[in-house]
1. Tell me whether the stretch 17-24 contains one or more residues that are surrounded by 13 or more Cβ atoms within 10 Å (Cβ to Cβ) and closer than 14 Å to Asn74 by Cα.
2. Could you tell me how many of the residues in the stretch 14-32 are touching a residue at least 24 places away in the same chain (Cβ under 8 Å), touching a Leu at 6+ places or on another chain (Cβ under 9 Å) and not polar (S, T, N, Q)?
3. Consider only pairs whose beta carbons are under 6 Å apart and that are at least six residues apart or on different chains; among these, list those whose first residue lies in the stretch 1-13 and is assigned to a helix (DSSP H, G or I) and whose second residue is charged (D, E, K, R).
4. Do we have any residue at all in the stretch 74-84 that's surrounded by fewer than 14 Cβ atoms within 10 Å (Cβ to Cβ), over 9 Å from the mean Cα position of the chain (by Cα) and among the charged types (D, E, K, R)?
5. So, in the stretch 16-30, how many residues would count as being among the aliphatic types (A, V, I, L, M) and closer than 12 Å to Asp61 by Cβ?
6. Quick one: Thr2 ticks every box in (1) more than 16 Å from Ile64 (Cα to Cα); (2) surrounded by 12 or more Cβ atoms within 10 Å (Cβ to Cβ) except a single one, so which number is it?
7. Just name the residue that is surrounded by the fewest Cβ atoms within 10 Å (Cβ to Cβ) out of those in the stretch 63-73 that are aliphatic (A, V, I, L, M) and assigned to a helix (DSSP H, G or I).
8. Between a residue in the stretch 45-62 that is on the phi < 0 side of the Ramachandran plot and crowded, with 22+ Cβ neighbours inside 10 Å and any residue that is of a type in the set (A, V, I, L, M) and not in a helix (DSSP H, G or I), which pairs come within a Cβ distance under 7 Å, given they are 6 or more apart or on different chains?
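We did not get these values from a lab; they are worked out from the coordinates using the rules stated. Only a predicted model underlies this, so the values are computations on that prediction, with no experimental measurement involved. Because the Cβ atoms are built from the backbone with ideal geometry, glycine has one as well, and the counts that use them run over all protein chains shown.
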Amino acid sequence: MTANKIKQITDILDILADDNSVPRNIRKGATDAKGRLLDTKDAMDVRATSAIMILDDLANDPNIPLHGRTLIWNVISQLEILSQS
């Protein structure tokens, strides 16, 4: 189940990273969060929490369009479930 959830999350982050209507720093942050989530050196809760921290900063960026912020919030809520399991 965890592998499927990670795949869903990384797919959403890929969509965000490839969206040209989103500012470049947001796209880079989505890529960074994905890389952090896929870094298997750390435990899943550490990886999820690190990705949440990156995405939380992005969600508070005033330049992010509403659809980008909504995607980020969805990913954060999924990551919170992963970090607790």
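1. No, that holds for no residue.
2. 7
3. Thr10/Lys34; Leu13/Lys34
4. Yes: one or more hits.
5. Summing the residues that are among the aliphatic types (A, V, I, L, M) and closer than 12 Å to Asp61 by Cβ in the stretch 16-30 gives 3.
6. Here Thr2 clears every test but (2).
7. Leu66
8. So the pair list comes out as Leu58/Ile64.
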